[in-house]
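Asker: Structure in structure tokens, see below.
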Amino acid sequence: LAVKGVQALSPYQPGKPIEELARELGLNPAEIIKLASNENPLGPSEKALAAARKALEELCLYPDGNGFELKQALANRFGVGMDQITLGNGSNDVLEVIARCFADTESEVVFSQYAFAVYPIVTQAIGAKGVPVPAKEWGHDLDAMAAAVTERTKLVFVANPNNPTGTVHTARAIESFLDKIPERVLVVLDEAYCEYLTGEEYPDGIKLLERYPNLIVCRTFSKAWGLAALRVGYAISSPAIADILNRVRQPFNVDSVALAAATAVLQDEAYLNRSREVNAAGLRQLSEAFELIGLPYIPSAGNFIAVEVGDQAQGIYQSLLSHGVIVRPIAGYGMPLHLRVSVGLPEENERFLDALSQSLAAAG
Ligand code: PMP
């Protein structure tokens with residue numbers, strides 16, 4: 001019954017709930033650590049939590065369908081107009097709305113090999129043709145992506161940093177890429193992990209909007225802001241693009257608790273800074289350990305690292321599970337030799353590394 005694109009769709013693979021896994025493994029749920037979904041290991045910001053609790057008192061009312069306060073807070077933070085913002089139920093929602101608005105069965109959509117799984121999913125769901133471009137050193141080959149644009153191309157997805165590889169491009173590279181893309185093609189710059197970037201050399205997509213009217217920047221509250229459960233993401237674009245996206249999104253796509261928490265967390269700069277510090281220290285801890293063990297890994301700018309454990313990756317993943325450590329196999333991304341591990345708290349990283357050493361030893 002389903003339309004052609006949908007029939008061919010393979011579902012996004014979310015992790016299993018911890019309770020279910022614990023039951024399967026015969027472990028106590030409290031003993032399990034989940035480093036599989038690039039979540040923030042700090043737990044939520046107290047400010048966000050207080051705002052969410054307060055919002056719960058009004059559960060019988062519809063949320064503000066325009067997300068006025070959150071948009072205002074975002075507009076102030078980034079120096080853009082409220083009419084440039086589209087809110088989504090997570091940035092996945094925004095990515096899907098973008099695909100629905102700007103591509104159809106006649107269109108081609110360009111993205112990189114090893115890029116975020118949602119790009120091919122939303123492309124296929126609308127019956128458009130996905131054009132995956134071979135990666136370069138695990139990252140996007142931006143020149144090849146620009147060269148892959150044809151008359152039919154409507155959208156190009158660029159993840160910077162990318163998930164699951166953690167690769168990142170400099171501002172100069174992104175700008176020179178944007179210079180090559182015709183204005184009739186929209187570029188979606190997915191900056192889900194941009195808050196973890198430090199250093200002048202990296203782009204702030206929002207600053208590029210004035211120069212590139214065909215640019216849409218997507219961001220999320222799920223990572224550095226620590227609100228993955230609440231599902232809040234947003235796009236910032238020209239007002240004309242935002243107008244279209246806002247016509248197509250569901251009118252109440254972000255709920256009141258999420259709106260309140262996201263608005264509040266934007267006032268919690270200390271939380272953001274802690275997220276960054278814990279992440280930078282965790283990335284160091286994991287990379288240094290991989291070097292010591294002699295495991296190749298892809299240097300990451302995100303809150304996770306893809307580490308190459310070899311052709312026994314699936315067995316190592318299972319063995320880690322039996323130690324109560326959940327990571328993410330990424331064979332589905334075409335990376336069967338790697339596992340992706342999210343950065344945890346120092347003691348969680350340590351437990352993962354211990355379990356990894358034992359699993360590698362057992363695998364011989
Ligand atoms: N983009 C990228 C590159 C991601 O890795 C993720 C999360 N896995 C998302 C977007 C979507 O995040 P969310 O829907 O939670 O905002």
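The values are calculated or read from the model by the stated rules, or taken from the named source; none is laboratory data. Everything quoted here is computed from the prediction, not taken from an experiment. Positions of Cβ are backbone-derived with ideal geometry, glycine not excepted, and every protein chain shown enters the neighbour counts.
Asker: With the structure loaded, tell me whether Arg276 is of a type in the set (Lys, Arg) and touching a helix residue (DSSP H, G or I) at 6+ places or on another chain (Cβ under 8 Å) or whether it fails that test.
Answerer: yes
Asker: Could you grab me the full set of residues in region 185-208 that are closer than 19 Å to Leu155 by Cβ and near the ligand (Cβ under 9 Å from one of its atoms)?
Answerer: Asp190, Glu191, Ala192
Asker: Another question, if that's okay. Which pairs do you get when a residue that is over 15 Å from Arg340 (Cα atoms), found in region 148-174, comes within reach of a residue that is among the basic types (Lys, Arg) and part of a loop (DSSP other than H, G, I, E, B), reach meaning Cβ atoms under 9 angstrom, with the pair 6+ apart or on two chains?
Answerer: What qualifies is Thr153/Arg184; Lys154/Arg184.
Asker: From the list Leu87, Leu70, Leu74, Leu95, which one is over 28 Å from Lys154 (Cα atoms), assigned by TED's automatic domain parsing to the domain that holds Val257, hydrophobic (A, V, I, L, M, F, W, C) and within 16 Å of the ligand (Cβ to nearest atom)?
Answerer: After applying the criteria, what remains is Leu70.
Asker: While we're on this one: Consider Arg340 carefully, then state whether it is under 24 Å from Glu24 (Cα atoms), touching a residue at least 12 places away in the same chain (Cβ under 8 Å) and under 21 Å from the mean Cα position of the chain (by Cα).
Answerer: Considered against the rule, which asks whether it is under 24 Å from Glu24 (Cα atoms), touching a residue at least 12 places away in the same chain (Cβ under 8 Å) and under 21 Å from the mean Cα position of the chain (by Cα), Arg340 comes out as yes.
Asker: Going residue by residue through region 209-217, is there one that turns out to be more than 16 Å from the ligand (Cβ to nearest atom) and either touching a residue at least 40 places away in the same chain (Cβ under 8 Å) or not assigned by TED's automatic domain parsing to the domain that holds Leu87 (or both)?
Answerer: Yes, because at least one residue in region 209-217 is more than 16 Å from the ligand (Cβ to nearest atom) and either touching a residue at least 40 places away in the same chain (Cβ under 8 Å) or not assigned by TED's automatic domain parsing to the domain that holds Leu87 (or both).
Asker: From the residues in region 290-328 that are polar (S, T, N, Q) and without any contact (Cβ under 8 Å) to a residue 60 or more places away in the chain, which one is surrounded by the most Cβ atoms within 10 Å (Cβ to Cβ)?
Answerer: The extreme case among them is Ser319.
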